[in-house]
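Participant: Pasting a structure below so you can have a look.
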Amino acid sequence: MDNDRLNIPYPAELRPRAILIRTAIFLSIVTVILLLVLKSVPLLIPDRTRPYSIYLQNGVNIQKALVNYALSNEGIYPQGDNANEALGFLVDDLTSEKPFYISNSPWHGKKFGRGPDNRWETTDPPGIALEAGENVWSYTLGLNFKSPAEIPILATIWRRKLCLVVYADGHTDTFEISKDTIRPSELFPEVNMVDPLPPPNGLPE
């Protein structure tokens, strides 16, 4: 009897309304699914209002690699005489030198104007990790994974307009700078930040 009731057809005058209701329910379900998918993969959608966002994300990935390094080295982040030497320890973990690249940065010079050669000591053929001109990120020495969250650990200059900053806990920030500023270390005198190696042809004035 219940089955008979379920199979009773809609009266002719109610069929268009039933179709509309079913269509509305279906479209609502599809919309919810699409919103959930878009929310779960925000990095796949280019942020045209912040064209530098991909470089900030690269900085966050470098910060994560620093934590991975520290986990295998008594909690201490890598050290070096300059940012290239210290951050070069992370290239194997990142499997690329590209996170250290920013298009049109003066830190690359002419030789690496189109990107790093992506060769380091363990590649075939081998090369030098983050040689002069392959890195744009300045780096704060002497930190570990317990360092205060508000300490800037990475910084770089984007188009001589903005300073892009990654802090010790991985959160990011940007602020406007003078067009004459090239060295991020000058912006953070309170920490022991070292700059990258200048490119072979030198930095612009």
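The values are calculated or read from the model by the stated rules, or taken from the named source; none is laboratory data. Quick caveat: nothing in here was measured; it's all calculated off a predicted structure. Here the Cβ positions follow ideal geometry from the backbone for every residue, glycine too, while neighbour counts run over all protein chains shown. Only protein heavy atoms, including side chains, enter the accessible area calculation; ligands, DNA and RNA are left aside. Shrake-Rupley method; radii C 1.70, N 1.55, O 1.52, S 1.80 Å.
Participant: Residue by residue through the range 48-88, note down the ones that are touching a residue at least 24 places away in the same chain (Cβ under 8 Å), out of contact with any Gly (no Cβ under 9 Å at 6 or more places or on another chain), of a type outside the set (A, V, I, L, M) and more than 17 Å from Pro196 (Cα to Cα).
Facilitator: Scanning the range 48-88 gives Tyr52, Asn61, Asn68, Tyr69, Gly75.
Participant: Follow-up question, since we're still on this one. Quick one: which of Asp173, Asp180 is assigned to a strand (DSSP E or B), more than 22 Å from Glu97 (Cα to Cα) and acidic (Asp, Glu)? Please lay out each step first, then the result.
Facilitator: Numbers: Asp180 fails: assigned to a strand (DSSP E or B).
Every option except Asp173 fails the conditions.
Participant: Here is a further query. Are there any pairs with C-beta distances below 9 angstrom linking a residue in the range 90-103 that is on the phi < 0 side of the Ramachandran plot and of a type in the set (Lys, Arg) to a residue that is outside any helix (DSSP H, G or I) and surrounded by fewer than 22 Cβ atoms within 10 Å (Cβ to Cβ), with the two at least 6 apart or on different chains, and if so which?
Facilitator: Lys98/Gly115; Lys98/Asn118
Participant: To continue, here is another question. Any residue in the range 87-94 that is more than 24 Å from Thr181 (Cβ to Cβ), open to solvent by 30 Å² or more (accessible area, probe 1.4 Å) and in contact with a Pro (Cβ under 7 Å, 6 or more places away or on another chain)? Outline the logic, then answer.
Facilitator: Kept after step one, since they are more than 24 Å from Thr181 (Cβ to Cβ), are these residues of the range 87-94: 88-94.
If we keep only those that are open to solvent by 30 Å² or more (accessible area, probe 1.4 Å) too, we end up with 89, 92-94.
Keeping just the survivors that are in contact with a Pro (Cβ under 7 Å, 6 or more places away or on another chain) gives 89.
Yes: the range 87-94 contains one or more residues that are more than 24 Å from Thr181 (Cβ to Cβ), open to solvent by 30 Å² or more (accessible area, probe 1.4 Å) and in contact with a Pro (Cβ under 7 Å, 6 or more places away or on another chain).
Participant: Right, something else. When you look at Val136, is it in a loop (DSSP other than H, G, I, E, B), touching a Ser or Thr at 6+ places or on another chain (Cβ under 6 Å), touching a residue at least 60 places away in the same chain (Cβ under 8 Å) and not aromatic (Phe, Trp, Tyr), yes or no? So that I can check it myself, show each step before the final result.
Facilitator: On the way: in a loop (DSSP other than H, G, I, E, B): yes; touching a Ser or Thr at 6+ places or on another chain (Cβ under 6 Å): yes; touching a residue at least 60 places away in the same chain (Cβ under 8 Å): yes; not aromatic (Phe, Trp, Tyr): yes.
Criteria met by Val136.
Participant: Against the definition (surrounded by fewer than 22 Cβ atoms within 10 Å (Cβ to Cβ), under 18 Å from Asn58 (Cα atoms) and among the hydroxyl-bearing types (Ser, Thr, Tyr)), how does Ser147 come out, yes or no?
Facilitator: Working: surrounded by fewer than 22 Cβ atoms within 10 Å (Cβ to Cβ): yes; under 18 Å from Asn58 (Cα atoms): no; among the hydroxyl-bearing types (Ser, Thr, Tyr): yes.
Judged against the criteria, Ser147 is not a match.
Participant: Checking Tyr10 against (1) at pLDDT 80 or above; (2) in contact with a helix residue (DSSP H, G or I) (Cβ under 6 Å, 6 or more places away or on another chain); (3) open to solvent by 80 Å² or more (accessible area, probe 1.4 Å), only one condition comes out false. Which one?
Facilitator: (1)
Participant: Contact list please: Cβ distance under 7 Å, first residue in the range 158-185 and more than 16 Å from Ala83 (Cα to Cα), second residue surrounded by 12 or more Cβ atoms within 10 Å (Cβ to Cβ) and of a type in the set (Gly, Ala, Ser), pairs at least six apart or on different chains.
Facilitator: Once the first residue is more than 16 Å from Ala83 (Cα to Cα) and sits in the range 158-185, its partners that are surrounded by 12 or more Cβ atoms within 10 Å (Cβ to Cβ) and of a type in the set (Gly, Ala, Ser) give Cys163/Ala155; Thr172/Gly59.
Participant: So, one more: Do you know which of the residues in the range 85-114 that are over 14 Å from Trp158 (Cβ atoms) and of a type in the set (Val, Ile, Thr) is modelled with the lowest pLDDT?
Facilitator: My answer is Thr95.
Participant: Considering only the range 115-144, state which residues are open to solvent by 10 Å² or more (accessible area, probe 1.4 Å) and within 19 Å of the chain's Cα centre (by Cα). Break it down into steps so the answer makes sense when it comes.
Facilitator: Pass one, the range 115-144, residues open to solvent by 10 Å² or more (accessible area, probe 1.4 Å): 115-129, 131-132, 141-144.
Across the range 115-144, the qualifying residues are Gly115, Pro116, Asn118.
Participant: Looking for whichever is under 17 Å from Gly88 (Cβ atoms), within 20 Å of the chain's Cα centre (by Cα) and open to solvent by less than 20 Å² (accessible area, probe 1.4 Å) here; the options are Leu164, Leu154. Which one fits?
Facilitator: So the residue among Leu164, Leu154 that is under 17 Å from Gly88 (Cβ atoms), within 20 Å of the chain's Cα centre (by Cα) and open to solvent by less than 20 Å² (accessible area, probe 1.4 Å) is Leu154.
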